[in-house]
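The values are calculated or read from the model by the stated rules, or taken from the named source; none is laboratory data. These numbers were taken from a predicted model, which means no experiment stands behind them. No Cβ is skipped: glycine too gets one built from the backbone with ideal geometry, and neighbour counts run over all protein chains shown. What goes into the accessible areas is simple: the full protein's heavy atoms, side chains included, and nothing from ligands, DNA or RNA. Shrake-Rupley method; radii C 1.70, N 1.55, O 1.52, S 1.80 Å.
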Amino acid sequence: MQFQQLQYFVAVAETRHFTRAADLVHVAQPSLSQQIKALERELGADLFLRARGNITLTDAGEALLPLARRILADAETARHEVQELAQLRSGRVRLGATPSLCTGLLPDVLRAFHDRYPGIRLLIEEGGSHDLVRELARGALDLALVVLPLPTPSPALTTVDLLREDLVVVSSPEARAPGRGGRVVRVAELEGERLVMFRHGYDLRELTVAACRAEGFEPDFAVEGGEMDAVLGFVRAGLGVAVVPRMVAARSGRGLRVTPLARPGLHRTIALAHRSDVAPPRAARELQRMLLER
């Protein structure tokens, strides 16, 4: 019994017509008929009752049909799985992330992913959540690490919470400690502090400004408009203080004083997002799994 013969048999069983079945499987009708007859000889039973203009299944054909469909489906699954595994030997993953996550969360995970799948190219795009959501929606990214809630909720995206991250205040060790100089600082004590502030569209900027306004004051910017590395450099130089994720502060702690925020503090929720209508490629799904299990 040959795999091709089962394909021809199922095609005839579904169309109940030898010529249409031959067209369906892209083979000449005489060749298809010969293969069906060869299959019947192999099985020792007729599979079809052949009458002019009327092709029906025999009892043997009825018994074979679900088994043949299952064999063909299993073969398709096997082909798909092998192709999926092949994708992990080459290809690419397009991942978007906010700059703070590129500094704090991603290096260790990407190193582990690269060690396991060295043939996969990692294409990283830094940006704010708003920009990353737009890039996901237009198909320019496979996955994106974004800050919740999304700036523009989109039913076309699926998000999975990844972590809840504390924010801290960083300052230069050579400058006065922020607030009252204690072990923690309240958001209200940032009034009067000169802040080094991120550019517009940066999630941390919006969160920090909103927290200050909730305490009844407008933040005072010493410098504004920078990306993460620039903000940390300006803080080290003593130009002011900044509110940054704890993970970033831990990785960039050299030359920085780190002061936790007093309870309830400030937090942000990081989520992994992808399009709802298109399944990410196998390599992207593997990176997604490693991020969720990190």
Problem - Criterion (within 16 Å of Asp166 (Cβ to Cβ) and free of Cβ contacts under 8 Å to residues at least 60 places away in the same chain) met by exactly one of Thr269, Thr208, Thr259 - result: Thr208
Handout entry: Output for the range 134-176, where each listed residue is farther than 25 Å from Val187 by Cβ, modelled with pLDDT under 85 and either surrounded by 14 or more Cβ atoms within 10 Å (Cβ to Cβ) or among the acidic types (Asp, Glu) (or both)
Key = Ala137, Ser154
Practice task
Test Val235 against the criterion of being among the β-branched types (Val, Ile, Thr), open to solvent by less than 40 Å² (accessible area, probe 1.4 Å) and within 15 Å of Val185 (Cα to Cα), and give yes or no.
Solution key: no
Practice task
Tell me which residues, restricted to the range 247-281, are of a type in the set (Lys, Arg) and crowded, with 17+ Cβ neighbours inside 10 Å.
Solution key: Arg257, Arg268, Arg275
Practice task
Within the range 72-98, work out how many residues are surrounded by fewer than 22 Cβ atoms within 10 Å (Cβ to Cβ) and within 23 Å of Leu291 (Cβ to Cβ).
Solution key: 11
Exercise for the section: Inspect all residues belonging to the range 214-222 and state whether any of them is within 30 Å of Val160 (Cα to Cα), among the small types (Gly, Ala, Ser), at pLDDT 95 or above and surrounded by fewer than 19 Cβ atoms within 10 Å (Cβ to Cβ). Expected result: yes
Completion exercise
Within the range 113-124, the count of residues that are open to solvent by less than 70 Å² (accessible area, probe 1.4 Å) and either assigned to a strand (DSSP E or B) or modelled with pLDDT under 90 (or both) comes to 4
Practice task
Of all residues in the range 43-85, count the ones that are of a type in the set (Val, Ile, Thr), free of Cβ contacts under 8 Å to residues at least 60 places away in the same chain and either within 12 Å of Ala13 (Cα to Cα) or touching a Phe, Trp or Tyr at 6+ places or on another chain (Cβ under 8 Å) (or both).
Solution key: 3
Exercise for the section: Would you tally the residues in the range 24-49 being in contact with a strand residue (DSSP E or B) (Cβ under 9 Å, 6 or more places away or on another chain) and either more than 13 Å from Met1 (Cα to Cα) or surrounded by fewer than 11 Cβ atoms within 10 Å (Cβ to Cβ) (or both)? Expected result: 3
Practice task
Just name the residue that is most open to solvent (accessible area, probe 1.4 Å) out of those in the range 50-59 that are in contact with a strand residue (DSSP E or B) (Cβ under 8 Å, 6 or more places away or on another chain) and within 19 Å of Arg20 (Cα to Cα).
Solution key: Thr56
Exercise for the section: Test Gly225 against the criterion of being touching an Asp or Glu at 6+ places or on another chain (Cβ under 7 Å) and at positive phi, and give yes or no. Expected result: no
